[in-house]
Amino acid sequence: MHERPTDELRCEHELILLVAGAMEQEAGAIDAGSPVNRVRVAQMVDFAQNFTDRCHLRKEEEVLFPALADRSRAATEPVRTLVSDHRVGRDAVTRVDRALSDVDVDERDRTVVAANLDVYALLLRRHIAKEERILLPLAELVFSGMEQELVAREFRRIEELGAGRGEYDRYQALARQLARTAPAGSRDPRMAA
Ligand SMILES: [Fe+2]
């Protein structure tokens, strides 16, 4: 259990970045001519939609960001940008998901999958860097102990909506598995922007 809800988000960022690295490796392999590994890419889409989006981003959009915007005007503009990043990321994942069924027969869909895996991974790196540089330290500065507890309680509620701790643990394992089994040598993982 994490001491502060912001630490919980940082731990989730580490998992999300593991999958971002695996996505970049996968995109590199596709660009180099490998067939699209539909099972792996479907697992990445599953992680992005059900862990990153329905769990992590909901904690931010429904709980942390509004609470922070209430407490600090300095949060208003960064929150607007970060929510807009979330939308761009969801669109990229939807494009991967839609293109996946035809990748073996349509060269354009191969390109769509590789390009959007790359776009999404790069977006996540920049987005997470912004959150960790600006928003999370601000939250730690302005929230009292009681407010942090309330935020943490709301985080638990969101996890329960997503089928609880069992699912949470399953996605942690999936992130590590995707990182461990990423195609090697196709491309160096990108560094944070
Ligand atoms: Fe985040």
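Computed quantities for the displayed model
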read-out	value
Inverse of mean 1/r across different Cα pairs in the chain, Kirkwood, Å	17.3 Å
Fewest-first ranking of GLU167, GLU8, GLU149, GLU131, using other Cβ atoms within 10 Å as the exposure measure	GLU149, GLU167, GLU8, GLU131
Percentage relative contact order, the chain, counting C-alpha pairs under 8 Å, at least six apart	45 percent
Crossing angle, helix 5-31 versus the chain [Cα axis fit, 0-90 degrees, rounded to tens]	10 degrees
Shape of the stretch 117-159, Cα gyration tensor, a/c cut at 1.5	oblate
Charge sum, other residues only, whose C-beta stays under 11 Å from LEU136's C-beta, Lys/Arg counted +1 and Asp/Glu -1	-2
Residue exposure sequence - MET23, MET146, MET44 - by fewest surrounding Cβ within 10 Å	MET146, MET44, MET23
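Taken together, the values in this text are just the output of simple stated rules run on the coordinates, not laboratory data. Everything numeric in this text was worked out from a predicted model, so none of it was measured. We place every Cβ from the backbone using ideal geometry, glycine too, and count neighbours over all the protein chains shown.
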